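Q: Provided herewith is a single structure, encoded as structure tokens, for subsequent inquiry.
Please treat every number below as a calculation from the coordinates, not as lab data. Only a predicted model underlies this, so the values are computations on that prediction, with no experimental measurement involved. Here the Cβ positions follow ideal geometry from the backbone for every residue, glycine too, while neighbour counts run over all protein chains shown.
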Amino acid sequence: MLFGIGRKLGNDSVEARMDGCVILQLLVGQMMVFSYLVGSERTGEGVVIDPAAEIPRILEEARRLGIRITKIVNTHGHVDHIMGNAEMKAKTGAPIVIHEADAPWLGQDSNAMFRMFGGRPSPPADETVRDGDLIRVGDLSLEVIHTPGHSPGGICLRIPGAVFTGDTLFVGGVGRTDLPGGSWKTLLRSIQERLFVLPADTVVYPGHHYGAARVSTIGLERDTNPFL
């Protein structure tokens, strides 16, 4: 049973449910970033992935869904994905989790960049992860898939039937590799060897709304993505 595209709501968000898990995809901020709430309907615990902006809105949606945010997870350390970390942590007390290779980027005071995008510098990471680790929230587990290329510590997060691909894989596109630590060869290898080996019907939840649709599948991207 797939999550599918879910139920489109009226405020730039899409909701999907399966087997006690709820996913809310929220389009936030100025950079077309997708933030995600992933929660357990059984325990009420959940994770927010890449709280980029509009933190009050994300928290209101969490309340509507009955989700208590117990983890903040960044798919990588770039400003447009981490600039809501400080406010989210202050309001929830949840620890910030990121891959160990991108953890040094948190806690840096790049004031000009954060001011440009209307955010605040992120606190340092509370927890770091590596490939194969499980991030547990309630009775849910998100598997960490290390996919460097866009950044050294870029990760994707897998649950049964779906994968959150950050800036590694978009709908009809891939992440840029011209930023510090980026590598086109490494990114292609990450996608081919770590993502395209997943079942074809795995739903792809990307980190930006850069494509013709909000979600895709591994099979569709493997067959039609022009960059691959």
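Q: Just how many pairs of Lys in the chain have C-alpha atoms closer than 28 Å, counting pairs that are eight or more places apart or on different chains? If you can, show how the numbers build up before the last one.
A: Numbers: LYS8/LYS71; LYS8/LYS89; LYS8/LYS91; LYS71/LYS89; LYS71/LYS91.
For the chain, the number of qualifying lysine pairs is 5.
Q: Further, regarding this structure: For the chain, with a Gaussian network of springs between Cα atoms less than 10 Å apart, report the residue from GLY132, GLY182, GLY84 with the top mean-square fluctuation.
A: Of the options given, GLY132 has the highest mean-square fluctuation.
Q: Karplus couplings for the stretch 71-87 from phi (6.51 cos²θ - 1.76 cosθ + 1.60, θ = phi - 60°), rounded to Hz, Gly and Pro as x?
A: So the Karplus estimates, Gly and Pro as x, are 9, 10, 10, 9, 6, 6, x, 6, 3, 5, 10, 10, 6, x, 4, 4, 5 Hz.
Q: Let me ask something else about it. Pairs of Cα atoms under 8 Å, at least six residues apart: use those to get the relative contact order of the stretch 9-143, whole percent. Numbers along the way, then the final one.
A: Details: 283 pairs, mean separation 26.4, N = 135.
Over the stretch 9-143, the number comes to 20 percent.
Q: List, largest first, the extents of the alpha carbons of the stretch 51-90 along their principal axes, each in whole Å.
A: Ordered largest first, the stretch 51-90 gives principal extents of 29, 17, 16 Å.
Q: To continue, here is another question. Using the Cα centre as the reference, give the magnitude of the dipole from point charges on the C-beta atoms of the chain (Lys, Arg: +1; Asp, Glu: -1; all else neutral), rounded to the nearest 20 debye. Could you put the intermediate results ahead of the total?
A: On the way: 22 positive and 26 negative charges, 62 e Å.
Dipole about the Cα centre, nearest 20: 300 debye.
Q: Based on the Cα coordinates of the stretch 111-228, what is the per residue volume of their convex hull in Å³? Intermediate results must be reported in sequence, preceding the final value.
A: Working: hull volume 15.7 nm³, N = 118.
Value for the stretch 111-228: 133 Å³ per residue.
Q: In whole Hz, what ³J(HN,Hα) sequence does the stretch 50-67 give by Karplus (6.51, -1.76, 1.60; θ = phi - 60°), x for Gly and Pro?
A: 6, x, 6, 5, 6, 4, x, 5, 4, 5, 5, 5, 4, 5, 4, 7, x, 9
Q: 5 Å is the cut-off here: which amide hydrogens, built 1.01 Å from N in the peptide plane, fall below it relative to CYS21, excluding neighbours closer than 5 in sequence?
A: HN-HN under 5 Å from CYS21: GLU41.
Q: How many percent of DSSP beta bridges within the chain run antiparallel, rounded to 5? Please report the intermediate quantities before stating the final value.
A: Working: 36 of 50 bridges.
Percentage antiparallel, nearest 5: 70.
Q: Another one. For THR75, list long-range residues whose amide hydrogen, built 1.01 Å from N in the peptide plane, is under 5 Å from its own amide hydrogen.
A: Residues meeting the criterion, in which the H sits 1.01 Å from N, are ASP50.
Q: Then there's this: Convert each backbone phi in the stretch 185-195 into a coupling constant with the Karplus relation 6.51 cos²θ - 1.76 cosθ + 1.60 (shift: θ = phi - 60°), then list the ³J(HN,Hα) values in order as whole Hz, x for Gly and Pro.
A: Computed from phi, the couplings for the stretch 185-195 are 4, 5, 4, 4, 5, 4, 5, 5, 9, 10, 9 Hz.
Q: Before rounding to the nearest 500, sum -39500 (n - 2.57) across all DSSP H runs of length at least 4 in the chain and divide by the residue total; then give [θ] at 222 nm in deg cm²/dmol. Don't skip to the end; give the middle numbers.
A: On the way: 6 runs with 44 residues, N = 228.
For the chain, the value works out to -5000 deg cm²/dmol.
Q: If you line up the Cα atoms of the chain on their principal axes, what length do they span on each, largest first, in Å?
A: Extents along the principal axes, in whole Å: 42, 39, 32.
Q: Under 5 Å between amide H atoms, partner at least 5 residues away or on a different chain: which partners does ARG68 have, H built in plane at 1.01 Å?
A: HN-HN under 5 Å from ARG68: GLU45, GLY46.
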